[in-house]
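Visitor: The structure is given below, and queries will be raised subsequently.
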Amino acid sequence: MLTEDEATAICDSVMAQCTLAAATDRIAAFYRNNDHWLKAADHNHLRITRIIRALRRLRGDEEAEAFRAAILAKVTTTGAPVGLRSRGYWMTA
């Protein structure tokens, strides 16, 4: 867990923001290109929740919403049986 001071430092750092943007692109590509997490329950669902929350705090609502939308689009287009509980966590993250 980050302290408030650490989170603020990340938000204020151009280098950290660039690194977070690159990391977000990498993880989004991973989920876009892999289907093993598209099941009713999977440990990646908790990771996705944490990613959305971290993006919201460290990069802003727009970045968090874009990531969540991409994840939900993959779930929808594949017809994946991702559980309502996981999707509910993503919607409130």
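The values are calculated or read from the model by the stated rules, or taken from the named source; none is laboratory data. On a predicted model such as this, the values are computed, not experimentally measured, just so you know. Here the Cβ positions follow ideal geometry from the backbone for every residue, glycine too, while neighbour counts run over all protein chains shown. Ligands, DNA and RNA are excluded from the accessible area calculation, which covers all protein heavy atoms including side chains. Shrake-Rupley method; radii C 1.70, N 1.55, O 1.52, S 1.80 Å.
Visitor: Could you please find all residues in the stretch 45-93 being closer than 26 Å to I10 by Cβ, among the polar types (S, T, N, Q) and open to solvent by less than 40 Å² (accessible area, probe 1.4 Å)?
Guide: If the condition is that a residue be closer than 26 Å to I10 by Cβ, among the polar types (S, T, N, Q) and open to solvent by less than 40 Å² (accessible area, probe 1.4 Å), then T49 is the only one that fits.
Visitor: Further question: With the requirement that a residue be open to solvent by 50 Å² or more (accessible area, probe 1.4 Å) and either closer than 15 Å to I51 by Cα or in a helix (DSSP H, G or I) (or both), what does the stretch 1-10 give you? I'd like the intermediate steps shown before the answer.
Guide: Here is the first cut: in the stretch 1-10, the residues open to solvent by 50 Å² or more (accessible area, probe 1.4 Å) are 1-6, 8-9.
Selection gives M1, L2, E4, D5, E6, T8, A9.
Visitor: Next question, about the same structure. I want to confirm something. Restricting to the stretch 11-28 and keeping residues that are more than 16 Å from I52 (Cβ to Cβ) and β-branched (V, I, T), which single residue is farthest from the chain's Cα centre (by Cα)?
Guide: V14
Visitor: A further question on this structure: Going by what's in this entry, would L55 be described as in contact (Cβ under 8 Å) with a residue 24 or more places away in the chain and assigned to a helix (DSSP H, G or I)?
Guide: Details: in contact (Cβ under 8 Å) with a residue 24 or more places away in the chain: yes; assigned to a helix (DSSP H, G or I): yes.
Judged against the criteria, L55 is a match.
Visitor: Another question about this same structure. Taking the stretch 34-43 on its own, how many of its residues are assigned to a helix (DSSP H, G or I) and over 15 Å from the mean Cα position of the chain (by Cα)?
Guide: Of the residues in that region, 0 qualify.
Visitor: I want to confirm something. Restricting to the stretch 27-44 and keeping residues that are in contact (Cβ under 8 Å) with a residue 40 or more places away in the chain and of a type in the set (G, A, S), which single residue is surrounded by the most Cβ atoms within 10 Å (Cβ to Cβ)?
Guide: My answer is A28.
Visitor: Also, quick follow-up: Looking at this structure, is T24 modelled with pLDDT of 95 or more, in a helix (DSSP H, G or I), exposed (fewer than 14 other Cβ atoms within 10 Å of the Cβ) and not acidic (D, E)? First the steps, then the outcome.
Guide: Numbers: modelled with pLDDT of 95 or more: yes; in a helix (DSSP H, G or I): yes; exposed (fewer than 14 other Cβ atoms within 10 Å of the Cβ): no; not acidic (D, E): yes.
No, not satisfied.
Visitor: Find the residue count for the stretch 26-42, including only residues that are over 13 Å from T76 (Cα atoms) and basic (K, R).
Guide: 1
Visitor: From the list V75, V82, exactly one residue is outside any helix (DSSP H, G or I) and at pLDDT 95 or above. Which is it?
Guide: Working: V75 fails: outside any helix (DSSP H, G or I).
From the options V75, V82, the qualifying one is V82.
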